[in-house]
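The values are calculated or read from the model by the stated rules, or taken from the named source; none is laboratory data. No experiment lies behind these values; they were computed from the predicted model shown. Glycine also receives a Cβ, built like all others from the backbone with ideal geometry; neighbour counts cover every protein chain displayed. The protein model used for the area step is the full one, side chains on, heavy atoms only, and it has no ligands, DNA or RNA in it. Shrake-Rupley method; radii C 1.70, N 1.55, O 1.52, S 1.80 Å.
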Amino acid sequence: MAEQHSMEDLLRDAPTNWGRWGDNDEVGSLNYLTADEVLRGVRHVKSGTVFTLQRLIGDPKGDPVWPGRTPAQRTMIMDESTWDRDDAPEFPGGMHYADDKIEAFLQGSTQYDALGHVWYGGKIWNGYDARTTIGGLDKASVAPIAERGVVGRGVLLDIARFRGKDNLDKGETFDHNELEACAKAQGHEIEPHDVLLIRTNFLKLFFDQGEKFYENFNEPGLTYSSELVSWFHQREIPNLVTDTIANEVTYEPDTGIALPLHSALMRNLGVTLTEICDLEKLAASCADDGQYTFLYAAAPLKVHRATGSPVNPLAIK
Ligand code: UVW
């Protein structure tokens, strides 16, 4: 039988930022994004061009979601046909209106993960007891991130273009050294406190392949090493944003462990993760004008005790 590896063994000596911002902290490495960092981001606004990075919810071509989650369902509650009914509401003056609602996984589209979203060993971010997640996150939910907002210098790392590919394929991995090489090839450096936006264009395959996309599901992405985790720690990276469903290679190739960077970066270092972004228009613009740095701004929804929230991040060049 294949040797089983545990997250606790893998991350036994891994660095943490627990306690760094106090015993009650719920936003982790977003603390790096001070007012000075907002102004550093603003200095990269050159033309005022705005890019929205959210994918369409209810895309007629389908919504890519993590296996086991289902796409949002939007239901029309009120429309002009409401007034065909005898019991239609009547408003003085004759106003009609349309109303609808969605039933959705809060992480079923472009989203911020709460820091309490993923854990191992009975502890979530900052050492809070994992039992604080029962029935809703009492600690490190998405609401404190939403309350704070995320603004700073963003850098696009176009790994697909750097590798000369339209899109990365299943299970392809890369590391922090390649991120630095990519930045260098793009003509800039990755600086401390940068919000990292990594483009793989992997979700092109969701739209090209349909259901086959989910066979042997193994997204490409960053892969665990202690050096990579130290790099994130030393660079004080606040936020990792990607265009894949879960921001890292699904199964770490050496151990087969699922999503170890969720634990090493989010649970231990307090790095927020932003997933399922659409980086295509931004990437085309960066390739065109050579400007890969910009102001990044995002605020998830303020949802009480939630594990994540939809978001429409902005990149402003
Ligand atoms: C899981 O953690 C399972 O999913 P995600 O981070 O993509 O929401």
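Of the listed requirements (1) within 29 Å of Leu295 (Cβ to Cβ); (2) in contact with a strand residue (DSSP E or B) (Cβ under 6 Å, 6 or more places away or on another chain); (3) free of Cβ contacts under 8 Å to residues at least 40 places away in the same chain, Asp59 misses just one: (2). Of the residues making up the range 252-264, those that are out of contact with any His (no Cβ under 9 Å at 6 or more places or on another chain) and within 11 Å of the ligand (Cβ to nearest atom) are Ala258, Leu259, Leu261, Ser263.
Which of (1) crowded, with 19+ Cβ neighbours inside 10 Å; (2) under 19 Å from Ala258 (Cβ atoms) does Asn201 not meet, given it meets every other one? With respect to (1) crowded, with 19+ Cβ neighbours inside 10 Å; (2) under 19 Å from Ala258 (Cβ atoms), Asn201 is out only on (2). Every test in (1) of a type in the set (S, T, N, Q); (2) open to solvent by less than 10 Å² (accessible area, probe 1.4 Å); (3) more than 16 Å from the ligand (Cβ to nearest atom) is passed by Gln291 save one, and that test is (2).
The residue list Arg55, Arg40, Arg20 contains one member that is touching an Asp or Glu at 6+ places or on another chain (Cβ under 6 Å) and either in the same structural domain as Asn312 (by TED's automatic domain parsing) or in a loop (DSSP other than H, G, I, E, B) (or both), which is Arg55. Picking from residues in the range 231-251 that are open to solvent by 10 Å² or more (accessible area, probe 1.4 Å) and away from the ligand (no atom under 14 Å from the Cβ), the one that is farthest from Val27 (Cα to Cα) is Trp231. Selection of the range 189-203 for residues being within 19 Å of Asp36 (Cβ to Cβ) and assigned to a loop (DSSP other than H, G, I, E, B) yields Glu189, Ile190, Glu191, Pro192, His193, Asp194.
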